[in-house]
């Protein structure tokens, strides 16, 4: 078990949801935590709330902007001299799902800008410095079972972005193993139940220049309450996962040295075997349905 006491941790998307849960868990381990988020008021409120738990600060950051993430790294190293734990966690949805041919270029630009380039920008800004320091370090990229384990037809843009995160993290992990004994990468799949987080209302942060250009029929499921209602109508019972518990689960996975940090991996393995069997027969794999996370 790795001791995290005294380590410096950076969490993107840290003002709410899973990022906030991670911050609480890290502070509980004795880490110094830097939260990065695009929402300044929410970031300030979270820093104020968590300050009683340990050393925590906030930096307004747009992870889709390489210069903004580079400025974050500059500030972290200027103020703390290190980054031992990098959580590339910020994420958005494309806006209500829908049919792939109904998605617009701006849906792709926004969702992949945050979910994929946000991870890439974090790696580009921090990993060279982490390697140069020669110190112990971990890069943890947040993916999702929606895309990370299998495509999801009703959320094609979001799932595509998370598939990219999983693929990129595996490449990163292999290259780090070849490069150093000190820095490693892991992929985190928020799991164990439905997450009541700001991801459901991510459109509040969508830049005006990336707004949708065409009107379309409103999606049936646009909020978490819509989703709960739809699942109830379908006779599916939902388990709600507490984000603080999820943050502790992720941090324990890091301490234990796991590469994949996820609940219910036996179920995932069974689903992947079904997909592999279908692919081996040259068939379309069976439909995978999961709660957005």
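Below are the figures for this structure:
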quantity: Subset tally (residues that are surrounded by 18 or more Cβ atoms within 10 Å (Cβ to Cβ) and modelled with pLDDT under 95) for the stretch 247-293; calculated: 5
quantity: Qualifying residues in the stretch 207-246 (those that are within 28 Å of residue 185 (Cα to Cα) and part of a loop (DSSP other than H, G, I, E, B)) - the one modelled with the highest pLDDT; calculated: 242
quantity: Residue within the stretch 175-195 that is without any contact (Cβ under 8 Å) to a residue 60 or more places away in the chain, touching a helix residue (DSSP H, G or I) at 6+ places or on another chain (Cβ under 8 Å) and farther than 22 Å from residue 2 by Cβ present; calculated: no
quantity: Considering residues of the stretch 41-81 that are surrounded by 15 or more Cβ atoms within 10 Å (Cβ to Cβ) and in a loop (DSSP other than H, G, I, E, B) only, the residue nearest to the chain's Cα centre (by Cα); calculated: 63
quantity: Any hit, the stretch 125-134, residues being in a helix (DSSP H, G or I), touching a residue at least 60 places away in the same chain (Cβ under 8 Å) and closer than 24 Å to residue 61 by Cα; calculated: yes
quantity: Single residue of the stretch 16-36 satisfying the filter (without any contact (Cβ under 8 Å) to a residue 60 or more places away in the chain and touching a strand residue (DSSP E or B) at 6+ places or on another chain (Cβ under 6 Å)) that is farthest from residue 72 (Cα to Cα); calculated: 27
quantity: Count - residues of the stretch 21-45 that are in contact with a helix residue (DSSP H, G or I) (Cβ under 6 Å, 6 or more places away or on another chain) and over 22 Å from residue 2 (Cβ atoms); calculated: 3
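The values are calculated or read from the model by the stated rules, or taken from the named source; none is laboratory data. Everything numeric here is computed off the predicted structure, so don't read it as measured data. Note that we place each Cβ from the backbone using ideal geometry, even for glycine, and neighbour counts take in every protein chain shown.
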